[in-house]
Amino acid sequence: MSDGPVVVLAGGTGGALLARGMLDVVGEELVVVANTADDIEIYGAAVSPDPDLVTFTLADIIDARGWGIDGDTFGEMERLREAGEEIWFNLGDRDLGWCRRRSELLADGLTPTEAMAQLAGSLGLRATVLPMADEPVRTRLTVDGRPVGLQEFLIRKQARGAIEAVGFEGVGKARPTRQVLDALASARAIVIGPSNPVISIGPILALPGMGEALAAAPAPVVAVSPIVGGKVLKGPTAACMAAWGLPATTEGVASAWEGVADLLIADEQAPGAALPVRVAATLMDTPERREALARDALEASDALSVQP
C-alpha cells in the first residue's frame with residue numbers, strides 16, 4: 001500500500017457512514033471532499049449540511065435522526081415560531097450556534113475551507129473535511145415545471161413532485177480548492193461514497209477541473225453503490241436518477257460513473273454494467289459493517305493499483 005491520503009467524495013448519510021468506517025481504518029490519513037451545493041443561508045447562519053453531517057458523523061456526535069447533533073435542544077426554533085416566523089428548516093441550538101460561528105468566520109474573511117478547518121478542529125477531529133469549493137454552488141431542481149431550491153424541495157415540500165431536471169447554479173464559476181486538488185494529486189485511494197449520484201456527488205464532479213484532476217490522480221477511483229438489496233435506503237435517489245435518464249439499479253449507478261470510476265462495489269453482480277463490479281456487503285447498519293466496507297474499498301483500490 002502506497003503512502004498518501006485516502007480521499008472519499010461524500011454527501012449525505014451513505015457517504016458519511018463510509019467515511020466513518022474509513023476513519024477506523026486509516027485515521028488521520030482520511031480526507032473527505034464534501035458536497036456544498038446543499039448549502040443554505042437561514043436564521044442568520046451559513047448552513048452547510050453535507051460537510052457538517054460528515055463532520056458530526058466522524059466525531060461520533062451525529063444524532064440518531066441522521067442529522068444534527070446528538071442530544072441537541074430546539075429552544076431557538078421555538079422562540080422563532082412564537083415570534084411568528086415560519087420554521088420549515090429545523091436546526092438544534094448547538095447546530096445553529098455552530099453554523100452562526102461559521103458565518104462569523106466567513107465575515108472575518110476566512111474561506112469556507114478555512115472556516116471548516118477551524119470548526120472541525122474545535123471537535124478534535126483526526127480526519128480532514130474539505131468543502132468541494134470555496135465559491136457558492138447551489139442545486140436547483142425543476143419540479144412539476146417549476147424551479148425550486150433543493151432544501152425547499154426536500155424539507156418544505158417533503159420531496160413531493162416529479163423531478164424533471166437538476167442543475168447546479170454557479171458551478172461554472174467555481175473550482176475545486178487547492179486543498180482538494182492537492183489531496184487528489186497525492187492520494188493512495190479515491191473512493192466515491194454510496195451517496196445520491198445526482199445531488200450529492202454530481203455537484204462535486206461538475207466542478208470545472210474536477211474530472212481532469214481525477215483522471216490525472218495516481219490512484220484509481222472506486223465507487224460504492226447506494227443501492228442496497230435492490231432498493232434505495234434513503235432520500236430521492238431514484239427520482240434524481242430518473243431525471244438523469246438512469247434506473248435506480250446497480251447498472252444505473254455504473255452508468256452514472258462510467259468514465260469517472262474504474263470499478264463499482266455493489267452487493268450484487270450486474271452483467272453488462274458499464275463498469276467492472278466487485279460484490280461486497282454494502283449495508284452499513286453497524287460500525288463493524290461500515291469498517292468492513294471501507295476495508296473492501298481499499299483492497300479493491302490496491303488491487304487496481306498493482307494491475308499492469
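The values are calculated or read from the model by the stated rules, or taken from the named source; none is laboratory data. None of the values given here were measured: they were computed from a predicted structure. As a convention, Cβ positions derive from the backbone with ideal geometry for all residues, glycine included, and neighbour counts pool all protein chains shown.
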For the range 53-112, name all the residues that are among the basic types (K, R) and either within 23 Å of E135 (Cα to Cα) or under 19 Å from the mean Cα position of the chain (by Cα) (or both). R65, R100, R101, R102
For the range 71-93, indicate whether the set of residues that are touching a strand residue (DSSP E or B) at 6+ places or on another chain (Cβ under 6 Å), of a type in the set (K, R) and not in a loop (DSSP other than H, G, I, E, B) is non-empty. no
Qualifying residues in the range 161-197 (those that are among the basic types (K, R) and touching a strand residue (DSSP E or B) at 6+ places or on another chain (Cβ under 8 Å)) - the one surrounded by the most Cβ atoms within 10 Å (Cβ to Cβ): R188
Within the range 249-259, does at least one residue satisfy the condition of being of a type in the set (S, T, Y) and in a loop (DSSP other than H, G, I, E, B)? yes
Kindly indicate the residue of the range 60-88 that is among the hydrophobic types (A, V, I, L, M, F, W, C) and closer than 23 Å to L123 by Cα and also surrounded by the most Cβ atoms within 10 Å (Cβ to Cβ) among those meeting that condition. I62
Subset tally (residues that are touching a strand residue (DSSP E or B) at 6+ places or on another chain (Cβ under 9 Å) and under 16 Å from V166 (Cα atoms)) for the range 218-240: 5
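This table checks each residue for (1) surrounded by fewer than 18 Cβ atoms within 10 Å (Cβ to Cβ); (2) closer than 21 Å to D262 by Cβ; (3) modelled with pLDDT of 95 or more.
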position	(1), (2), (3)
E212	yes, yes, yes
A216	yes, yes, yes
A219	no, yes, yes
K234	yes, no, no
G252	no, yes, yes
Subset of the range 165-195 [in a loop (DSSP other than H, G, I, E, B) and at pLDDT 95 or above]: G170, A174, R175, T177, S186, A187, R188, G193, P194
Within the range 113-164, of all residues that are part of a loop (DSSP other than H, G, I, E, B) and among the small types (G, A, S), the one nearest to G4 (Cα to Cα) is A127
Taking the residues in the range 6-24 that are touching a strand residue (DSSP E or B) at 6+ places or on another chain (Cβ under 8 Å) and closer than 19 Å to G124 by Cβ as candidates, determine which candidate is surrounded by the fewest Cβ atoms within 10 Å (Cβ to Cβ). L23
Can you tell me which residues in the range 60-82 are small (G, A, S) and farther than 24 Å from I199 by Cα? G71, G75
Taking R81 as the residue in question, decide whether it is of a type outside the set (A, V, I, L, M) and touching a residue at least 24 places away in the same chain (Cβ under 8 Å). no
Could you go through the range 282-292 and let me know if any residue there is hydrophobic (A, V, I, L, M, F, W, C), surrounded by fewer than 19 Cβ atoms within 10 Å (Cβ to Cβ) and out of contact with any Phe, Trp or Tyr (no Cβ under 6 Å at 6 or more places or on another chain). yes
Would you point out which residue out of T57, T36 is surrounded by 20 or more Cβ atoms within 10 Å (Cβ to Cβ), closer than 29 Å to P287 by Cβ, touching a residue at least 60 places away in the same chain (Cβ under 8 Å) and not basic (K, R)? T36
